[in-house]
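Every read-out reported here was derived from the displayed coordinates using simple, explicitly stated rules and does not represent laboratory data. Keep in mind that what you see is a predicted model, and the values were worked out from it rather than measured. Cβ placement follows ideal geometry from the backbone for every residue including glycine, while neighbour counts extend to all protein chains displayed.
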Amino acid sequence: MIRMRPGLTGPLTVGAGALLALTLAPYTAHSVTLWVVYGLLALSFTFVWGHGGIFSLGQAAFFGIGGYAYGVAGINLVPSTGESLSSLLIAALVAAAVAALLGYFVFYGDVGDVYLAVITIATTLVLLTFFASTSDSTYRIGNALLGGYNGMVGIPGLVLPGGQRLTANGVLAVVVLIAGGVAIGIAVLLRRPFGRVLAGIRENEVRTQLLGYEVRARKLGAFVIGGFVAGLAGALYAAWGNFINPQVFSLQQASLVAIWTLVGGRRSIPGAFAGAFAVQALSDYLGGVTEGAVIPAVLGAILLVVVLFLPEGVLHPLRERVLSAVRKGTDLDLGVAESDPDPEAAFGRDATPASRVRTVDVQKRFGGLRVLRGVTLDVAPNEVRTVIGPNGAGKSTFFGLLTGRHRPDAGEILLDGVRLNRLRPEKRARLGLGIKTQVPSIYPELSVAENVWIAAYGAGPDAEKRVAEVLAGLRLTGKAQLPAGALAHGEQQWLEIGMVLVRRPRVVLLDEPTAGMTRAETSRYVELIAVLARSATVLVVEHDMEFVRDLGAPVTMLHEGTVFAEGSIAELRADDRVLDVYLGRAKADA
Amino acid sequence: MHFDHVVIIGTSLLYSVSLLVVAALGLALAFGMMRVVNMAHGELLMLGAYVSITLVHAGLGFWLTVPVAALAVGLLGMAVERLILRRLYGRIWATMLATWGLSLLLVGAVQFFFGTTTEGIANPLGTVKVGDYTVSAYNLVMIGAAVVMIVATYLLFHRTPFGATARAAAALPEMASALGVNVARTNMISFGVAAALAGLGGALLAPVSGVGPSFGQGYIGRAFMTVVVGGASPLLGTTSAAALLGGVNAGVSNLAGPVLGTVALLLVSMLVLRFLPTGLTGLWRRSR
Amino acid sequence: MLEVEGLHAGYGRTAVLHGMTLSVPAGSRTAVLGRNGVGKSTLLKTLIGLVPATGGRILVDGADVTGHPAHRRARSGIAYVPQGRDIFPDLSVLDNLRVADRTGRLEQVFDEFPVLREKRHAAGGSLSGGQQQILALGRALMTGPRLLLLDEPSEGIQPSIVDQIAGAVRRMNDEHGLTVLLVEQNLEFAAGVCDRALIVDKGEVVRSVRTADLLADRDMQHEYLGV
């Protein structure tokens, strides 16, 4: 159902490319080598941004660092080792280490997306200033002079072990093999669990966290890999030209990375190379027929036009259009009627013990506002409990305290006696808490199967099997390959519940689960919760009274941040105080 | 240490801070108010410098060219908001990449019309004697200009009806529109003001650095750092970040040379962000 | 004054209003009641233009405003006090009012709500909930409206201020003929301000009743408003 391994297309393409490299005219081969190196740099941005969702403008910085590091390593080591591959590796590792340092500050400082972009670009520009001001001959590492604005010269080219010198065609072939190898490696990585969870983080970070994944470490991992690839590209660049200067850190150079990737399509691995080839070929052509000033203007215009009118890129959609024309007729029928799920088949399993959820006098204030004045609640294992209350009673804050979105100011939140108060959401998820938020929180651009798989993977073995069961029970097997965003609203709600339950949680928290559902869907939900209670404790926050009545579970009513009444729905209906609260009559001490 | 020495060191610190304010204020305003990271900010500085130098060559006095540069770049900024940014609000990466494209376009255009050579504007003022030392009078003007820019921006946004409307439209655009504010038009003017500040800054910086197509690059890195370290509040953030970074940069540069000065600037920025992810503004907000 | 015909609206893929039809006569005070989540707030947002209508028509004094942007509706005489008040927190009270100033009524609003004059230099965000609610109402009146949309002005506010707001709204209606459409949970407050109530359930108007009748009918309260 989900492809884990890439086919042979990639290796064959790379092999063919390497052979082709040997047939080009040496001068052409020399130019094309640079294009391939740029393609590798573009690939690092495709990976970090297109797949990881990390809008890092620092790829040029890692490229430059890789280049300088290769220069330093090569000048100092190649005379003794007689080959430069080890210097390439060192350079890429240095770039990765810098990425790790920067990434640590960014991801563990919980810096927002905007700041991430600005910090990475600012770092690049500060490096430009730094390297430009190292012209004094005291700025040297071993035999390598940094060289200030004029750059570092005398960097050794590619030398394979054995010390034989390569022709221009030989260099191109080696660069194609390296870049192709990296591209295949990235493609494989993206199909592996790491890559798929990364796609989940890109699509919906909160959901991924609620499924128990440590998001920050994974983003840092992706960022470091991106730094490694960019650094490798920078090292190859320095080896290609035997030279590097601070212009690699310039805004213009950094913008090229974005242009290549955007032109090729921001998720496409071959597109990264195609974009670099197309843009560089155009630049070279323009450089030949006009004066230099035209090139930045044309590149800028391309960038503007792509962002404003073709956000999916130029080359990638073209390819998709051709492919879909070829595939026509085999597509899934999108007109299938909405599915009617079968909760018993999807989630019914043997009765298992669930967990006890207790809160003891939990309090929360936002600024001067005491939203929760102390809520004490005890939900026994396998019990279903509904929490209701008028607007402003504190329901969503209470829910947020249980999920880990907020931290309590006082009181205890206990799961089987384990204190949850300050645990991050992913830790709570791993302790067996399953959370369904109010708005369907799914991965809209990933396939339905992929959505459930990401949820299942982190929670034990046999992920594939559990995915298949859940999809069958939700009657979504026929739509498993559709993007989840294409499902109807009700189906998205069911998909999300499937994602929560495939993890076999011991406690399920449902926040207004029937919002936006039809009556028929709502009654299916009542069935679902009954099935669920056999293996989990269920806490429902809800304001749809019809649903609460149908559910027939014990009700806890919150009012002004504290428990106002508890009992069956019939008891609460008979209680005049409850009606008064709902009509806004009973004002406590205001 | 003699009094004149203290004055000289104080002036050089203040000058270093004022450069950051002059270079960064327009960027900070666009970012803080409208969440627009304007990658073309450096080129707006550059255009301000070019307007100034062109008019000086045409025979206008330097001081007269400064407001003209602000006006011209401000109008360009309004056009940019109307034609580009308006379609992209809410998508940070799109605004960044689009303004980046604009930045390249402007560099190309300037290279096409003015060539790649760097020209200078003669420093319009002489030097001032402080005890045994001399200091460039224009440096003092720069310090004064930074103060005037901060104060004028404060007055515009905190003491005029337009300012209230602009801040309201930036904070809660839906509520503002429900009160009859034409948010689209207000944003256009706000971005125009941010661009005008960049144009003004560029003209003011022209005499202290050569005017060429890469003019903006000389300032953009430090301007970005100032904004990142300053955080969301354009005035408070820019002032405090400029003071911190300018002080550190000037201090370390004096003691250990410009390279370590740059390194120190980068390190301080990283440390601030690790512990104050929302910049120095976060610190101000917290202490209130 | 206000005619709504078959109005459909919602957020993304979630439809909230399913063909809502209602009519508010000029100079009337009408409440919109119903449980949480039935679409009351969405109705007001669609009327002021913050949520786009996906079907149906909105007529104000016979003019179709369905396609107009929010600021045009505000300038044509509709004012909106949102749930949660949406005070501009960093703006002073004075600036909060000035943003909405279309008719130079600052003194009038200060006279109506002296607390705003007293606090005019304080930041909007520093006011208490009740004061913010008064500011939100004063700010709406600055636009010189003919139709006032109020979304739960009594929520989380102490009774004395609730009374003050009710009095002010009634007075604006009596003296200036301001038409009022009020969304509420607080039945007593709604009945104190409005004589007629539209009961909403599942995105449609299901009943139109006199608020006095609703106040006296416990069964109807249970059916439409209670748990």
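Table for the structure above
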{"quantity": "Candidates B:268, B:248, B:259: whichever shows maximal mean-square fluctuation once chain B is modelled as a Gaussian network with Cα springs under 10 Å", "calculated": "B:259"}
{"quantity": "Nearby aspartates and glutamates by direct alpha-carbon distance to residue A:364 (threshold 16 angstrom, same-chain neighbours under 8 apart not counted)", "calculated": "A:409, A:412, A:560"}
{"quantity": "Charge sum, other residues only, whose C-beta stays under 15 Å from residue B:4's C-beta, Lys/Arg counted +1 and Asp/Glu -1", "calculated": "0"}
{"quantity": "Mean separation of Cα contacts under 8 Å (6+ apart) over length of chain C, as relative contact order %", "calculated": "27"}
{"quantity": "In order through region A:138-145: 3J(HN,Hα) via Karplus (6.51 cos²θ - 1.76 cosθ + 1.60), integer Hz, x for Gly, Pro", "calculated": "6, 7, 9, 10, x, 8, 8, 8"}
{"quantity": "Those aspartates and glutamates that a straight Cα-Cα span of less than 15 Å connects to residue A:436, excepting residues fewer than 8 apart in one chain", "calculated": "A:205, A:426, A:491, A:496, A:511, A:512, A:542"}
{"quantity": "Using alpha-carbon coordinates, inclination of helix A:489-501 to the longest axis of chain A, degrees", "calculated": "90"}
{"quantity": "Gaussian network model of chain C, springs between alpha carbon atoms under 10 Å - residue of C:201, C:95, C:64 with greatest fluctuation", "calculated": "C:64"}
{"quantity": "Of C:14, C:211, C:46, the one that fluctuates the most in a GNM where chain C has Cα springs shorter than 10 Å", "calculated": "C:14"}
{"quantity": "Share antiparallel - DSSP beta bridges, chain A, percent rounded to 5", "calculated": "60"}
{"quantity": "Neighbouring partner chain Cβ atoms per residue of A:129-138, average, 10 Å criterion", "calculated": "4"}
{"quantity": "Whole-number percent relative contact order across region A:88-218, with pairs defined as alpha carbons under 8 Å at least 6 apart", "calculated": "11"}
{"quantity": "For residue C:91, distant residues with modelled amide H under 5 Å away", "calculated": "C:124, C:125"}
{"quantity": "Local electrostatic count at residue C:38 - Lys and Arg +1, Asp and Glu -1, tallied over other residues with Cβ under 10 Å", "calculated": "0"}
{"quantity": "Share antiparallel - DSSP beta bridges, chain C, percent rounded to 5", "calculated": "60"}
{"quantity": "Cα-based reach from residue C:45 at 22 Å (exclusive), listing lysines while leaving out same-chain residues under 8 positions away", "calculated": "C:202"}
{"quantity": "Residue-averaged [θ]222 nm for the protein assembly as shown, counting only DSSP H segments that reach four residues, each worth -39500 (n - 2.57)", "calculated": "-18000 deg cm²/dmol"}
{"quantity": "Exercise: per-residue mean of other protein chain Cβ atoms within 10 Å, C:122-134", "calculated": "1"}
{"quantity": "Cα Rg over Rh - region A:411-518, Kirkwood", "calculated": "1.00"}
{"quantity": "10 Å-binned pair-distance histogram of region C:87-227 (Cα, whole percent)", "calculated": "11, 39, 31, 15, 4"}
{"quantity": "For the protein assembly as shown, share of DSSP beta bridges that run antiparallel, in % to the nearest 5", "calculated": "60"}
{"quantity": "Relative contact order (%) - criterion: Cα under 8 Å, at least six apart; region: region A:62-126", "calculated": "34"}
